[in-house]
1. Per-residue HN-Hα couplings for segment 22-38, Karplus 6.51 cos²θ - 1.76 cosθ + 1.60 at θ = phi - 60°, whole Hz, x for Gly and Pro?
2. Send over the semi-axes of segment 153-288's equivalent ellipsoid, whole angstrom and largest first, taken as the square roots of 5 times the C-alpha gyration tensor eigenvalues.
3. Taking Cα centroids, how far is segment 201-215 from segment 84-134 in Å?
4. If the cut-off is a Cα-Cα distance under 19 Å, which aspartates and glutamates reach LYS252, setting aside same-chain residues fewer than 8 apart in sequence?
5. For GLY83, what charge total do you get from the other residues with a beta carbon under 11 Å from its beta carbon, if Lys and Arg give +1 and Asp and Glu give -1?
6. Ranking request for peptides 145-156, 105-116: highest mean number of other beta-carbon atoms within 10 Å first, then the rest in descending order.
7. In terms of modelled amide H atoms, which long-range or inter-chain residues lie less than 5 Å from the amide H of ASP49?
8. Counting only C-alpha contacts under 8 Å and six or more residues apart, can you give the relative contact order of segment 2-287 as a whole percent?
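All of the numbers you see were taken from the coordinates with simple rules; none came from a lab. Fair warning: this is a prediction, and the values are worked out from it, not measured in the lab. Please note: Cβ atoms are built from the backbone with ideal geometry, for glycine as well, and neighbour counts cover all protein chains shown.
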Amino acid sequence: MLLAFILLHSFYQTLAAKGGAHWSYDAHSQETWPEAYPDCGLKAQSPIDIQMGSVQYDPSLPPIEPEGYRNPGSDPFALTNNGHTVQMSLAEGMNLHGLPNIYTAVQLHFHWGSKGSSGGSEHLIDGQAFPGELHVVHFNSEKYANVSEAMHHPDGLAVLGIFLEVGKMENPAYNNIFNQVDKIQYAGEEDTVSPFNIRNLLPEHLGHYFRYNGSLTTPPCYQSVLWTVFHQPVQISAAQIEKLQKSVYSSKAGSSTPQSLVDTFRHPQLLNGRVVFSSFPAGPSGYSAGEIVAIVFGVLMGCAALFLTGWIVAKRTRARSMQDQKGVVFTSSSRRAV
Ligand SMILES: *[C@@H]1O[C@H](CO)[C@@H](O)[C@H](O)[C@H]1NC(C)=O
Ligand SMILES: *[C@@H]1O[C@H](CO)[C@@H](O)[C@H](O)[C@H]1NC(C)=O
């Protein structure tokens, strides 16, 4: 057992040392990422588990404003299976405002679980994973020429994280991509997607998000990402998430041992003193804004009921004591009359 472990370990180390196309998501391999990619072992890594009770509300964080997302030109997007994820290139005219710099979109890609498992997202909220997560990657185009240059700088990249939740309804925007994944089943395969409204892949509310400094969630794990993780998930159908879980392989076409591409998420990393900010009052211990409104309303109603009861009791008591007084007056006067 131990020998098998040591052999496996050295096997992964050899693979990792070979310049590293060969990293993977299985639990043991993730531990070895830092050996070939030292930044993966640094102290401001992504993803993280977002604890609602510990996030810091920053009212100055403005809503994210995507520009050019609705009409991203006429050139088709390249859709690739790179052996680690399904990735789609994005047009140059797509920019993000509402961040410290202007960031230009480069690509988007997915993280997902396996059929029957509840996990799949990279970020967690109070320890809970979602079935999937979409990442839209941007680079700081005010300061850097391209994404390859930008990713070496702390303020180089901005990534939008969107939780994918399974609901009853099919999400038509996502079918623009998912309907093509059968054409890129194997690692290295590429196809195209006609341009469509990318804004429709994002949640409706872009004003509620978590913000922190972190890293790429795959090797080389550079700590160059300003993260925006939206609070509101996007709903897709069970059949849609299964497209990712069932039809993509991490192995090349014709491999004698095809490997399903599943559980494509990195485990949560330590905060190491970093602060996670929220653009909205997240509230303690996982209460949502709706729950807080309900609680405040409930307490107010309780106070009103208490006040009303007190008032009625006081009124009755006063009325009774008036009657008693009248009674006294009456008796005393009748006594006098006697
Ligand atoms: C990115 O920009 C740098 C600096 O201007 C340049 O040297 C490099 O060739 C560019 N890379 C790509 C992939 O365009
Ligand atoms: C990220 O790091 C930069 C540089 O240290 C700092 O100025 C900024 O406030 C940090 N942002 C967040 C959200 O922590």
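1. Per residue, the Karplus-derived 3J(HN,Hα) values read 9, 8, 9, 8, 5, 3, 5, 4, 4, 5, 9, 3, x, 5, 9, 10, x Hz.
2. So the three semi-axes of segment 153-288 are 29, 21, 15 Å.
3. 10 Å
4. Answer for LYS252, where 19 Å is the Cα cut-off: ASP26, ASP182, GLU189, GLU190, ASP191, ASP263, listed by chain and number.
5. Cβ neighbours under 11 Å give a net charge of 0.
6. So the peptides 145-156, 105-116, ranked by packing, come out 105-116, 145-156.
7. The answer is LEU124, GLN269.
8. Rounded, it is 26 percent for segment 2-287.
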